[in-house]
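Student: Right, I'll just put the structure down here and ask away after.
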Amino acid sequence: MYYILFVGTLYLSTLISSYTDFSEINGSIYYQNIILQTMVYCICLYSVLLKLTDKEVNNYIKFTVFCFMFMAVWGIEQYSRGNTLVEQLFGTAIVDRCAITGVFVLYLPVSIYLINKHDKFQKYFGFLSFIAFISIIVLTQSRAGFLGFVLSFTGVYFFSKRKARMIGFAFLILITALPFIPDSYFERIGTIKTQDIHSDEISDYSSASRLLLWKVGLRIFGDHPVFGVGNLNFSKASGEYAAAYAGSVDDRLYIATFGSEGQRGLSHTHNTFVNILAEGGLLSAIPYYLMIFFPLWKGYKLNRKYRFRDDERLNLINMLNCGIAGFLVTAFFANLILIDFLYWNLTLSFFLTQKFEASIETEATS
């Protein structure tokens, strides 16, 4: 229901926005239709899941993990041939490395779920996919992805029934992988710090431009709090706010953020949560926030109530939610609204939660 409300209200915001150019070939309406298509796919996915047995659902999960493991291995191969940041791994569908890393952060805990299965094939398969996912997360050198990975893995540790074993496993992986991690990765992670956009000595224009874009996004939201400016219209609206920062921020930062003659500025806020506020207003943001955080809240409540219960469905729900939480941390530093894989896992988490609650209710009445 939240998903339908989000898509419907964002459509409304885009249609009535004065910034929407209906003549654009790949503009606001084009990508709004992609969001609608993803929603229809998730409704179909949920309908199919309702008809599957537990074994068939598990097969669906293994097949999905295999597909992403294949992409990760392909990314490693691309890295070895010169694509040092593994950009455009998914072609033009997912270009940004933050988004690419976020996808693998999303599925990393699912690979750990498979490692913990009793079946040897699933254990080995889970381990291989885990190695592939970790490798690609490192090779993209995404700082946002690193933070998402840390939260995701922390969640896995929290839900683990064998915490000492989990620490040992993580330590073994770290020691084994350390010699293969490029020095540039540690240098990149070491640059994670706050930037002052008004400073004369900005050391990281990537971080500083994000802070500037967040400020602009919140100003746009302040001026358009209900409907926003429409899907993918941030770049058009932000031009009206650029003058307020001219002369007060470093010239290179200003040009990198807003562009100049012959150079395009950045097209979004580099923050999913601010971006939906600026482009969809409260009308779209509220159902969107409810949609993405509801499974996490529901999972938290289930774990509080059934924390001593060892249940396959609950374990999988926890791993899915750890991946979702890690993805959302990554999404704090990039606009990932169009990444459909998030909605796949939200759908699966919602479905499994319903199945788990139904099984508990059946036990109670039998």
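Student: At 1.4 Å probe size, with no ligands or nucleic acids counted, give the accessible surface of H268 in Å², nearest ten.
Tutor: 40
Student: Please enumerate, by chain and number, the lysines with C-alpha under 17 Å from the C-alpha of K163, excluding those fewer than 8 residues away in the same chain.
Tutor: Answer for K163, where 17 Å is the Cα cut-off: K117, listed by chain and number.
Student: Can you tell which of F63, I43, V86 lies farthest toward the positive end of the dipole of the range 8-150, using +1 and -1 charges on the Cβ of basic and acidic side chains (Lys, Arg; Asp, Glu)?
Tutor: F63
Student: Here's something else I'd like to know. What's the magnitude of the charge dipole for the range 60-137 around its Cα centre, counting Lys and Arg as +1 and Asp and Glu as -1 at the beta-carbon? Answer in Debye, nearest 20.
Tutor: 280
Student: Please list K163, K55 from largest to smallest accessible area, probe radius 1.4 Å, with all protein chains kept in place.
Tutor: Solvent-accessible surface, decreasing: K55, K163.
Student: In addition: Would you mind getting me the FRET efficiency between Y124 and L12? Use the beta-carbon distance for r and R0 = 45 Å, nearest 0.05.
Tutor: 0.35
Student: Out of L277, S267, Y306, whose Cα points farthest toward the positive end of the dipole of the range 245-366 (charges: +1 Lys, Arg; -1 Asp, Glu; placed on Cβ)?
Tutor: Y306
Student: Further, regarding this structure: Assuming 0.36 nm per residue, please report the length gained on full extension of the stretch A170 to I43 beyond their Cα-Cα distance.
Tutor: Values: separation 127, 0.36 × 127 = 45.72 nm, distance 3.68 nm.
That works out to 42.0 nm of additional length.
Student: Let me ask something else about it. How big, on average over all directions, is the shadow cast by the Cα convex hull of the chain, in nm²? Mind dumping the intermediate values first?
Tutor: On the way: hull surface 80.9 nm².
Result: 20.2 nm².
Student: While we're on this one: What do you get for chymotrypsin sites (Phe, Trp or Tyr not before Pro) in the range 273-352 restricted to DSSP loop and a cutoff of at most 14 other Cβ within 10 Å of the site's Cβ?
Tutor: Y306, F308
Student: Can you give the FRET efficiency to the nearest 0.05 for Y157 and S23, using r as the Cβ-Cβ distance and R₀ = 56 Å?
Tutor: 0.60
Student: Also: Hand me the trypsin sites (Lys or Arg not before Pro) from the range 301-338 located in a DSSP loop with no more than 13 other Cβ atoms within 10 Å, in residue order please. Before the final figure, lay out the partial values.
Tutor: On the way: sites: K301, R304, K305, R307, R309, R313; in loops: R307, R309.
Passing sites in the range 301-338 are R307, R309.
Student: At 1.4 Å probe size, put L338, L346 in order of accessible surface, largest to smallest.
Tutor: Descending accessible area places them as L338, L346.
Student: Output ³J(HN,Hα) for the range 227-240: one whole-Hz value per residue in order, computed from phi by the Karplus curve 6.51 cos²θ - 1.76 cosθ + 1.60 with θ = phi - 60°, and x for Gly and Pro.
Tutor: My calculation for the range 227-240 gives 9, x, 10, x, 4, 6, 9, 4, 4, 6, 6, 5, x, 6 Hz in order.
Student: Based on Cβ point charges of +1 for Lys and Arg and -1 for Asp and Glu, what charge dipole magnitude is obtained for the chain about its Cα centre, in debye rounded to the nearest 20?
Tutor: For this selection, approximately 1520 debye.
Student: Rounding to the nearest 20 debye, state how big the charge dipole of the range 1-149 is about its Cα centre with +1 on each Lys and Arg Cβ and -1 on each Asp and Glu Cβ.
Tutor: Numbers: 9 positive and 8 negative charges, 117 e Å.
For the range 1-149, the charge dipole is close to 560 debye.
Student: Another question, if that's okay. Once both labels are modelled 7 Å past Cα along the beta-carbon direction, what's the I76-T64 spacing in nm?
Tutor: Distance between the two pseudo-spin positions: 2.3 nm.
Student: Between the range 70-119 and the range 269-332, how far is it from one alpha carbon centroid to the other, in angstrom?
Tutor: One Cα centre to the other: 21 Å.
The values are calculated or read from the model by the stated rules, or taken from the named source; none is laboratory data. Please read these numbers as outputs of a predicted model, since none were measured by experiment. Counting neighbours? That spans all protein chains shown, and the Cβs are built from the backbone with ideal geometry, glycine included. For the accessible areas, the whole protein counts, side chains as well, though only heavy atoms, and no ligand, DNA or RNA atoms are used. Shrake-Rupley method; radii C 1.70, N 1.55, O 1.52, S 1.80 Å.
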